[in-house]
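Report on one structure; see the data block that follows.
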Amino acid sequence: MLVDSHCHLDFPELHSDLDGVLERMSANGVTHALTISTTLETFPAVRAVARAHANVWCSAGVHPDERRDAREVTEDELVAMARDPRVVAIGETGLDYYRVEGDTEWQRARFRTHIRAARRSAKPLVIHTRAAAEDTLRLMREEGADEAGGVMHCFTETWEVAQAAMALGFHISFSGIVTFKNAADLKEVAKRVPLERMLVETDSPYLAPVPHRGKPNQPAFVKHVAEEIARLRGIAVEAVARATTDNFFRLFRDARPA
Ligand SMILES: [Zn+2]
Ligand SMILES: [Zn+2]
């Protein structure tokens, strides 16, 4: 039993064959998934997937890179979105200085809005950080993100950043990147993060793990992430599956296994 803690089932690559995607997920022992919101515009479609499938929950949030929405999301709006029983998290939110040029103040303002909404809703945060670890941690501290808790998704940072996030009560989620040959540093982090703080995810349709690298990703492939972590730590894959599944349901406490 495995849970994909982060995927994008509303994206066309997955949504165009959603029944097939969910079937292959079950056939590979991936029992549940959290599908992640990225824009205001597409949130209803994300929520519709979670409403239609008892083993899928969703988040409410606007991705740090996203400029598609006509206007900026407000704290009240996120709190209202989070009231839906299928919404178990706020995000994905955070900072991404890699893909954004020029002024990034709007990203930090948006991130603060999400942290405040998560605290008010008592829902955990799904945090995305890229080329911005220092500011991400600083804003988490300044806004009291530890009160909401959550997960550093698709983690690619150093052990020091992992430790700082865990000190704020956060979980660390590994994606298919941990299976890549050139990810030696990340493999070391995956050996050191305590099992009780770890989650696994696909971030599908992106970042397909080895042996599917370069092809479209899907939640079923989260098993390759778990297998690689088990191999690195010299433990059974079942131990990784059990721990990450327990962690998922403890962290996203509004998600009740079907
Ligand atoms: Zn992300
Ligand atoms: Zn994502």
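(1) touching a Leu at 6+ places or on another chain (Cβ under 8 Å); (2) within 16 Å of ligand 1 (Cβ to nearest atom): which one isn't true of L207, the others all being true?
The single condition L207 does not satisfy is (1).
Determine, yes or no, whether R99 is open to solvent by 50 Å² or more (accessible area, probe 1.4 Å), over 21 Å from N247 (Cα atoms), more than 16 Å from ligand 1 (Cβ to nearest atom) and outside any strand (DSSP E or B). Even if it seems obvious, please write down each step before you answer.
Working: open to solvent by 50 Å² or more (accessible area, probe 1.4 Å): yes; over 21 Å from N247 (Cα atoms): yes; more than 16 Å from ligand 1 (Cβ to nearest atom): no; outside any strand (DSSP E or B): yes.
Spelling it out, it is not the case that R99 is open to solvent by 50 Å² or more (accessible area, probe 1.4 Å), over 21 Å from N247 (Cα atoms), more than 16 Å from ligand 1 (Cβ to nearest atom) and outside any strand (DSSP E or B).
Scan segment 71-80 and give yes if some residue there is within 19 Å of P216 (Cβ to Cβ), away from ligand 2 (no atom under 14 Å from the Cβ) and not acidic (D, E), otherwise no.
Filtering segment 71-80 down to residues within 19 Å of P216 (Cβ to Cβ) leaves none.
No, the conditions are met nowhere in segment 71-80.
Restricting to segment 116-147, and then to whatever is within 16 Å of ligand 1 (Cβ to nearest atom) and part of a loop (DSSP other than H, G, I, E, B), can you tell me which residue is most open to solvent (accessible area, probe 1.4 Å)?
A131
Using beta carbons and a limit of 7 Å, which pairs, at least six apart or on different chains, have the first residue in segment 14-36 and in contact (Cβ under 8 Å) with a residue 40 or more places away in the chain and more than 9 Å from A220 (Cβ to Cβ) and the second one among the small types (G, A, S) and not in a helix (DSSP H, G or I)?
Every condition considered, the pairs that remain are L14/S204; L34/S5; L34/S59; L34/A89; I36/S59; I36/G91.
Among what's in segment 149-171 and is within 14 Å of ligand 1 (Cβ to nearest atom) and of a type in the set (V, I, T), pick the residue that is nearest to P211 (Cα to Cα). Let's see the steps before the verdict.
Step one: list which residues in segment 149-171 are within 14 Å of ligand 1 (Cβ to nearest atom), which gives 150-157.
So of that shortlist, the ones also of a type in the set (V, I, T) come out as 151, 156.
Details: V151: 26, T156: 19 Å.
Selected residue: T156.
Taking only segment 181-195 into account, find how many residues are out of contact with any strand residue (DSSP E or B) (no Cβ under 9 Å at 6 or more places or on another chain) and either open to solvent by less than 20 Å² (accessible area, probe 1.4 Å) or in contact (Cβ under 8 Å) with a residue 40 or more places away in the chain (or both).
Of the residues in segment 181-195, 4 are out of contact with any strand residue (DSSP E or B) (no Cβ under 9 Å at 6 or more places or on another chain) and either open to solvent by less than 20 Å² (accessible area, probe 1.4 Å) or in contact (Cβ under 8 Å) with a residue 40 or more places away in the chain (or both).
So which residues in segment 211-244 are open to solvent by 60 Å² or more (accessible area, probe 1.4 Å) and farther than 25 Å from T38 by Cα, if there are any at all?
P211, E227, R231, R233, G234, I235, E238, R242
Please pick out the residue among V151, V161, V126, V178 that is modelled with pLDDT of 95 or more, under 27 Å from D246 (Cβ atoms) and touching a Phe, Trp or Tyr at 6+ places or on another chain (Cβ under 7 Å). Walk me through how you get there before you give the answer.
Numbers: V161 fails: touching a Phe, Trp or Tyr at 6+ places or on another chain (Cβ under 7 Å); V126 fails: touching a Phe, Trp or Tyr at 6+ places or on another chain (Cβ under 7 Å); V178 fails: touching a Phe, Trp or Tyr at 6+ places or on another chain (Cβ under 7 Å).
When all the criteria are applied, what remains is V151.
If I go through segment 148-176 residue by residue, how many of them are under 16 Å from H128 (Cβ atoms) and open to solvent by 30 Å² or more (accessible area, probe 1.4 Å)?
Total meeting the criteria: 2.
The values are calculated or read from the model by the stated rules, or taken from the named source; none is laboratory data. Remember, predicted model here, so these are calculated numbers, not experimental data. No Cβ is skipped: glycine too gets one built from the backbone with ideal geometry, and neighbour counts run over all protein chains shown. What goes into the accessible areas is simple: the full protein's heavy atoms, side chains included, and nothing from ligands, DNA or RNA. Shrake-Rupley method; radii C 1.70, N 1.55, O 1.52, S 1.80 Å.
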